[in-house]
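The values are calculated or read from the model by the stated rules, or taken from the named source; none is laboratory data. Remember, predicted model here, so these are calculated numbers, not experimental data. Don't worry about glycine lacking a Cβ; one is built from the backbone with ideal geometry, like all the others, and counts go over all protein chains shown. The protein model used for the area step is the full one, side chains on, heavy atoms only, and it has no ligands, DNA or RNA in it. Shrake-Rupley method; radii C 1.70, N 1.55, O 1.52, S 1.80 Å.
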Amino acid sequence: MKLIRPAVLALVIAGAFFYFTTWRSNAKLAGANPVGWFSHPAQVEITEASGGEALDSEEQNNISVYRKNIPSVVNVTSRAMTFDFFYGLVPQEGQGSGFVIDKEGHILTNYHVIADARQVEVTMHNRKKYKATVVGTDPAHDLAVIQIKATELVPAVLGDSRNLQVGQKVYAIGNPFGLAGTMTRGIVSSIRPVREPNGATIDEAIQTDAAINPGNSGGPLMNWHGEVIGINTMILSSVNQNAGIGFAIPINTAKAVLNDLMTLGRVRRPALGVRTIPISAELADEIGLPADYGLLIVQVTPGGSADLAGLKGGTERAYLGNIPIMLGGDLIVAIDGQKVEDEQDLSQMMNNHRAGDTVKITIYRNKKKMDVSVALGEAREQV
């Protein structure tokens, strides 16, 4: 009996606590909302945008550029064999992009996309796959031409990269991380020389903030009109992903070597066959030159294109610091009307030509200014 009373009392107290703290509160909520904590209305009302909104002019141009060029852009898959210490020779696969340049199935891409490849496969925008043959390579400019046998191809329109301006809108189409048919947009951030990982230098590389990632290599960089102005080739990033600094090879650099790549399989690099030193205003004043800029020819390669055209090297021995040089040679100040101030200018102009082209070189011989036509030879080690 003594044990029953405390048990009954505890039960009454617990029941009262439950009534006032839980059951009563839930009853009130159920009265306010008979269906419980969540409602189930007969019809859901949402706010929708009005249909038929027209695209603005910029969006329309973005779509137009994409539709115009996506049939020309391809995915390039290369397969090579690499040596592994434990497994020996093992297959390795890489991916990049490219674009069709003619109806015969020639495709322009980066050399590093297909370098050392034993097998190259091309996938079109419609998912059709073709085996590709490497037609020509130019490691010095990181360019390559491959070819497929296909019909109804849509070649890309090659533009002009000579007069690009920082701030111009550009588009990049490619296959970043294997995601086919991706387009990004940005601007030309700068025009500058860039050294690639393989040591090759891209003169007047197009820097852009358009998103470029692994897999975009070899794809086209296009202007506002959808014309190809560059070939996307590399990014500057510590994590191997887009950081807003990508680079493209100017399309004019590619156009200058396409004929050689497609007919010879290699590039006949043009050369003047001269050794030169750059002239500053101080040096010009010191040795009495008629212009305060240009390249002074100190030596002409015997039998080279400059020698055959009659250009003269130095005849008077002198020293530039501790370096012996020859003075008295012709002073190159322009090529085809474009001012030449240093070896980089000369190299850039040579990149826009190929062996066999004839250029007009403006020189000073003593105090006399004159033009000399020179048929460019094929480069060995000199420009």
Given the whole protein assembly as supplied and a 1.4 Å probe, what does the accessible area of MET370 come to in Å², nearest 10? 50
Round to the nearest 10 and report in Å² the accessible area of PHE177, as given by a 1.4 Å probe over the protein chains' heavy atoms. 120
Over the chain, what relative contact order in percent results from Cα pairs under 8 Å that are six or more residues apart? 11
Distance from the Cα centre of the stretch 197-240 to that of the stretch 118-194, in angstrom? 9
Sequence-distant lysines (8 or more away, or on other chains) whose Cα lies within less than 16 Å of LYS131: LYS149
If every Lys and Arg gets +1 and every Asp and Glu gets -1 at its Cβ, then about the Cα centre the stretch 215-334 yields a dipole, in debye to the nearest 20, of 560
Per-residue ellipticity at 222 nm attributable to helices in the chain (runs of n ≥ 4 DSSP H, -39500 (n - 2.57) apiece, nearest 500 deg cm²/dmol) works out to -5500 deg cm²/dmol
When 1/r is averaged over all different Cα pairs and the result inverted, which Kirkwood radius in Å belongs to the stretch 174-296? 17.0
Sequence-distant lysines (8 or more away, or on other chains) whose Cα lies within less than 20 Å of LYS255: LYS103
In Å², what does the accessible area per residue of the stretch 254-376 work out to with a 1.4 Å probe? 49
Can you list the lysines whose alpha carbon is less than 28 Å from that of LYS368, not counting same-chain residues fewer than 8 positions off? LYS312, LYS339, LYS360
Quick test of the membrane-span-like rule: which DSSP H helices of the chain reach at least 20 Å along their long axis (C-alpha atoms) with mean Kyte hydropathy at least -0.5? 4-18
Residues with amide H under 5 Å from that of LEU221, placed H, sequence gap 5 or more: ILE229, GLY230, ILE231, ASN232
Among [x] 5, 18, 21, 16, 12, 8, 4, 4, 4, 3, 2, 1, 1, 0; [y] 4, 19, 25, 23, 18, 9, 2, 0; [z] 4, 21, 29, 24, 15, 6, 1, the value of P(r) over Cα pairs in 10 Å bins from 0, in percent computed for this structure carries the label [x]
The stretch 122-223, relative contact order in percent, only Cα pairs under 8 angstrom and at least six apart counted: 23
